[in-house]
Amino acid sequence: MMYGIIAVALIFVFANLPQYIRKQLTEKIADESSKAKENLQTSQLNFLTKIEWLKFYPLKKILLGVIWLVCLFYAVRGVFMTINDPRGVFIFLTVLFWLITIFTARKIWRYIKLSYHCVPVLNYIKTKEELKKSLQGECFEKVLFEHNILRKYFPVLISENWVVMNGRLFPRHGVEKIYYLHESPVWNYEQIRFIYSNGEEYLTPSDRQTVDELRQTEISNLLHKICPVVIEKAEDINTTSNKKDKSIIYWKMNYKGKFRRTLWMIPFVIILCILLPLCLGSSWIIYDIIIIAILVWQLWYTYKKMKLEERTSNEIDENNNKKYTIAMKNIHMYNYLLAIKDETHIYKAIIEAAPDENNNMMIWLDDFNFPQTEIEDIRKEIELYFKAKSINCIFKAGKRV
């Protein structure tokens with residue numbers, strides 16, 4: 001009983017301690033900035049190292065380095081143990097630790113070597129000294145929210161040139177546009193995409209929150225302080241002129257990456273299925289079946305969603321890449337004013353259309369003043385227009401009698 005209480009207490013502490021430290025550190029930065037501003041000593045301020053600690057990046061680097069060294073130690077030790085006692089378990093574990101050590105070495109080294117993880121995108125472009133210089137003299141103020149959840153769990157600091165948002169540092173003058181994507185059935189999935197001036201992008205992790213108009217308004221107002229161009233609707237995304245932005249349909253449609261990440265889980269599941277018999281005895285087969293079933297379902301689900309994403313994306317690309325923009329207006333009975341616009345001209349003509357006994361729409365094209373070489377493409381556009389109204393088209397030659 002006592003051990004259970006201690007375990008629950010430790011879980012509670014570890015779950016809430018990072019948020020508490022982050023809140024205290026944020027308030028400390030704001031207080032030091034306020035005092036320096038009062039004493040006219042803002043030129044000496046540089047909070048980059050403290051901002052780096054908001055997400056515990058230095059601690060993460062130490063832990064990753066220690067874990068990698070532990071794997072290396074057991075990989076080397078496993079070689080000697082296998083030589084002395086060449087059992088199958090020792091061979092398997094030695095190979096496993098060597099694989100983990102070798103294939104993670106490059107990624108862990110790059111993570112440790114990268115300076116200031118709290119400055120996304122710019123930490124790959126600027127040196128450590130340049131980042132420090134750009135933060136020199138910045139005086140931060142805490143942003144106060146009316147929304148209760150944002151006030152407690154979403155710390156934000158703002159200065160003349162920078163915004164610290166949830167432990168990450170964003171420039172106020174280096175972002176070209178921001179996509180604030182959210183949907184609103186019962187649950188609200190939010191994601192923010194920053195498009196920098198050099199074309200690079202940074203995507204914040206998605207956040208699941210209950211739908212709240214005040215929350216969305218306050219986050220939108222904050223994002224407008226970083227960049228005046230904030231796009232919140234999927235329709236606005238589709239009308240943007242930047243080709244890269246057309247691929248942004250909605251954040252939740254990013255199932256191609258999810259499917260790839262699920263594929264990477266296959267070797268881990270295989271290793272886990274091999275290790276379970278050594279740990280669980282006769283009941284291992286039940287756990288293996290459960291794990292494999294979950295993996296198969298996840299692969300099937302993400303693959304299905306990925307294909308839906310591709311179809312939707314292709315349809316949007318086809319609409320955006322149309323040679324013509326077509327508009328039709330029913331001006332009198334079955335007379336339609338047809339206007340088709342390409343890159344250089346606007347063509348107008350009145351076409352005649354009438355339904356037959358099978359409710360098909362018969363269309364006469366005799367009076368077209370369009371270039372004859374383009375008539376076939378124009379026919380396709382007219383078919384699409386009536387198809388959207390669930391009407392089949394039959395084209396007729398000559399004039400309507």
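For the reader, a short list of remarks on this structure follows.
- Among (1) of a type outside the set (D, E, K, R); (2) surrounded by 14 or more Cβ atoms within 10 Å (Cβ to Cβ); (3) in a helix (DSSP H, G or I); (4) modelled with pLDDT of 85 or more - the single one Leu63 does not satisfy: (2)
- Filter result for Lys152 (assigned to a helix (DSSP H, G or I), outside the structural domain of Gly65 (by the TED database) and more than 20 Å from Tyr196 (Cβ to Cβ)): yes
- In the range 141-165, residue nearest to Trp53 (Cα to Cα) [restricted to those that are touching a residue at least 24 places away in the same chain (Cβ under 8 Å) and of a type in the set (Asp, Glu)]: Glu141
- So Gln24, is it under 22 Å from Phe170 (Cα atoms), of a type outside the set (Val, Ile, Thr), at pLDDT 80 or above and surrounded by fewer than 15 Cβ atoms within 10 Å (Cβ to Cβ): yes
- From the list Lys252, Lys225, Lys244, Lys256, the lone residue that is at pLDDT 65 or above, farther than 30 Å from Leu144 by Cβ and in a helix (DSSP H, G or I) is Lys256.
Yes or no, residue by residue, for (1) within 28 Å of Asn166 (Cβ to Cβ); (2) in contact with a helix residue (DSSP H, G or I) (Cβ under 9 Å, 6 or more places away or on another chain); (3) of a type in the set (S, T, N, Q):
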residue: Phe47; (1), (2), (3): yes, yes, no
residue: Leu54; (1), (2), (3): yes, yes, no
residue: Val66; (1), (2), (3): yes, no, no
residue: Gly78; (1), (2), (3): no, yes, no
residue: Leu96; (1), (2), (3): no, yes, no
residue: Phe103; (1), (2), (3): no, no, no
residue: Tyr111; (1), (2), (3): yes, yes, no
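- Qualifying residues in the range 101-118 (those that are free of Cβ contacts under 8 Å to residues at least 12 places away in the same chain and in a helix (DSSP H, G or I)) - the one nearest to Cys71 (Cα to Cα): Ile102
Here is a yes/no grid of residues against (1) touching a Cys at 6+ places or on another chain (Cβ under 7 Å); (2) within 21 Å of Asp31 (Cα to Cα); (3) of a type in the set (A, V, I, L, M):
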site	(1), (2), (3)
Lys126	no, no, no
Glu130	no, no, no
Glu138	no, yes, no
Glu141	no, yes, no
Glu146	no, yes, no
Leu157	no, yes, yes
Val163	no, yes, yes
Tyr179	no, no, no
Arg193	no, no, no
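- Candidates Val156, Val95, Val164, Val175: the one that is of a type in the set (A, V, I, L, M) and surrounded by fewer than 19 Cβ atoms within 10 Å (Cβ to Cβ) is Val95.
- Check on Ala36, assigned to a helix (DSSP H, G or I), more than 37 Å from the chain's Cα centre (by Cα) and modelled with pLDDT under 90: yes
- Within the range 125-140, the set of residues being in contact (Cβ under 8 Å) with a residue 60 or more places away in the chain and loosely packed, with under 15 Cβ neighbours inside 10 Å comprises Ile125, Gln136.
- On inspection, Leu72 does not qualify as part of a loop (DSSP other than H, G, I, E, B) and surrounded by fewer than 17 Cβ atoms within 10 Å (Cβ to Cβ).
- Leading residue by the ranking (farthest from Ile271 (Cα to Cα)) among those in the range 66-92 that are out of contact with any Ser or Thr (no Cβ under 9 Å at 6 or more places or on another chain) and at pLDDT below 85: Asp85
- Every residue from the range 28-60 that is of a type in the set (Asp, Glu) and surrounded by 14 or more Cβ atoms within 10 Å (Cβ to Cβ): Glu32, Glu52
The values are calculated or read from the model by the stated rules, or taken from the named source; none is laboratory data. These numbers were taken from a predicted model, which means no experiment stands behind them. Cβ coordinates were reconstructed from backbone atoms using ideal geometry, including for glycine residues, and neighbour counts include every protein chain displayed.
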